[in-house]
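Asks: If you scroll down you'll find the structure; I have some questions about it.
The values are calculated or read from the model by the stated rules, or taken from the named source; none is laboratory data. Keep in mind the model is a prediction, meaning the values are calculated, not measured. Neighbour counts are summed over all protein chains in view; Cβ atoms, including those assigned to glycine, are modelled from backbone coordinates with ideal geometry.
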Amino acid sequence: MTFSTRTLALSCARHPRRTLVWWGVAALVALVAIATLLGGALTTDSNPTNNPQSLRARDVLDKALPANAQASTTDLVVIRSTRYVVDAPQYRTFVGQLAAEVGRAKGVVSVHTYLTGDGSLVSQDRHAALIALSMPSYEETSSPRKTCATASFASGCLLR
């Protein structure tokens, strides 16, 4: 008897129950092999093997904004100007006013800027700066986001 797809098809057609049993055995063997061989190989706890930009950014943020148990940073406001650097009086005034306005908003626990002495909140080219906010309860606060949106619209006119 030669092995061909034709003889296999004829054998399966003649003995359908036996065919179903063999398919069941094959599926069971496959499941047992998967369970024993893959055991600990599948995990969601993995790390990239290279140094992607997202991890480098997280490291920069962790270094610039160290964790504080009482008031950890929950939001960041980026202020960027193509015309002024952070040392310009117009830029300093705008950042100070925006930080003060956001600091008065409901739910804001703390506001940190480069004006308070944290130079790590300034970009390398000195045309951008961060305002770090702490708003522990997101449900209660919407006014800081509205303030920042309004300020960013106005800043397009002020800081170009």
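Asks: Pick from the stretch 38-55 the residues that are under 29 Å from SER120 (Cβ atoms) and surrounded by fewer than 10 Cβ atoms within 10 Å (Cβ to Cβ): which of them is nearest to the chain's Cα centre (by Cα)?
Replies: My answer is SER54.
Asks: May I ask you to list pairs of residues, at least six apart or on different chains, whose Cβ atoms are under 7 Å apart, with the first in the stretch 77-106 being free of Cβ contacts under 8 Å to residues at least 40 places away in the same chain and the second being in a helix (DSSP H, G or I) and of a type in the set (Gly, Ala, Ser)?
Replies: LYS106/SER143
Asks: If ARG126 satisfies every condition in (1) in contact with an Asp or Glu (Cβ under 8 Å, 6 or more places away or on another chain); (2) modelled with pLDDT under 80 but one, which is the exception?
Replies: (2)
Asks: Which of the residues that make up the stretch 1-25 are surrounded by fewer than 10 Cβ atoms within 10 Å (Cβ to Cβ) and not in a loop (DSSP other than H, G, I, E, B)?
Replies: Residues satisfying the conditions are THR5, ARG6, ALA13, ARG14, PRO16, ARG17.
Asks: Report whether or not GLY107 is assigned to a loop (DSSP other than H, G, I, E, B) and not charged (D, E, K, R).
Replies: Here the answer is yes, as GLY107 does meet what is asked.
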